[in-house]
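A.B. asks: Got a structure for you, questions after.
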Amino acid sequence: MTPADALPGPAGARPDRRITVEAGAVDVLHRLALAVRPLDARNRAAAGPGLRVGWESAPVPGRRRQAPDPARPLEGHGATGFVLRHTAAGALPAAVTVRVDDPARRWIPRRFTVPLWTPAELSGADERPPTAPHIPAESRLLIPWLLPGPGYPVPEGTTGLRLRVTRPDAAATPVRWPRVDAFGPGGVPLGWAHGDEHGQVLLLIDGVGVLPYPAPSRFPVALRTHAPDPPPPAPAGPSSAPSADPLAGLVAEPLARSASPPRPQDLDNEVLRGTARPAGYRTAAADTVRTLTVGRVVHAADLPHTPPDP
């Protein structure tokens, strides 16, 4: 077993088999199905503490689900991240939908659909003779990047915008879960951001693109919005059932299962970074220009998202 496979088992877990290692015969109480290690997209450091990470499952007949979160929490293991196990207590599905959320709203939530290695594939290396190759723990690792949310602690001297993405209607309806790309002079990409269920976006910029030194204190930036189409449903109001999902309409982005051993693109790609446009999102018909002030995060006017004609 790998060190990740040897994490402490749940209390009362039943062994799924008995294997022999250098120290002798041991009972296998669990096997690592998935480890989730969220990163802060700004500094590439571990995001947290205080994150909620879970996997979505169908309701169990006869058992009340704790509202409003429809996800079962993953076990937190410090630097290891959050862990989902294969155990003898019950089978996991072939793929799980993982959600990462921050109650403090420092980061924008994300959802992913992740195929799992099966217990047979993971245990085959323990057979005598082996029936399957060893699957390293890194092949069961999910490293999502989390983009800053409204409560993100912005360092002094950062350049950026706080704004809201809205629909082009009379009520300026907020766009739920928008995404925004920023381009500087010459069309040079300067950054990207995700928005929350209220359309709020915190866009933080590094650098000034191709502007010559010394750069002006203020310069224009072209903002390109992407949004679900049709709009996702809003969660039910206070008078409705308490089981309304707080992440209603947030897309679950599909991922391919990592190779064994994992390739670089399995652990770091456009989907994990949040730069890929998810299925069902449409890009606005035109970019919108706003003005940045170097060294400051300023509040900008609402950013209208007008999808192209069908």
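A.B. asks: In the neighborhood of F112, defined by Cβ-to-Cβ distances under 15 Å, what is the net charge if each Lys or Arg adds +1 and each Asp or Glu adds -1? Let's see the in-between values first.
C.D. replies: On the way: positive: R37, R52, R99, R110, R111, R140, R257, R273; negative: E56, D101, E253, D266, D268, E270.
For residues surrounding F112, the net value is +2.
A.B. asks: Below 13 angstrom from the Cβ of I205, what's the summed charge of the other residues (Lys, Arg +1; Asp, Glu -1)?
C.D. replies: +3
A.B. asks: Among Y152, Y281, rank each residue by its count of other Cβ atoms within 10 Å, from fewest to most, as a rough exposure measure.
C.D. replies: Placing the least packed residue first, the sequence is Y281, Y152.
A.B. asks: Most exposed first by the Cβ proxy, i.e. fewest other Cβ within 10 Å, how do V154, V96 rank?
C.D. replies: V154, V96
A.B. asks: Could you tally the net charge around G191, taking each other residue with its Cβ under 9 Å from the Cβ of G191, Lys/Arg +1 and Asp/Glu -1?
C.D. replies: Taking every Cβ under 9 Å from that of G191, the sum is -2.
Just so you know, all these numbers are worked out from the coordinates, no wet-lab data involved. The structure displayed is predicted, hence computed values, not measured ones. We place every Cβ from the backbone using ideal geometry, glycine too, and count neighbours over all the protein chains shown.
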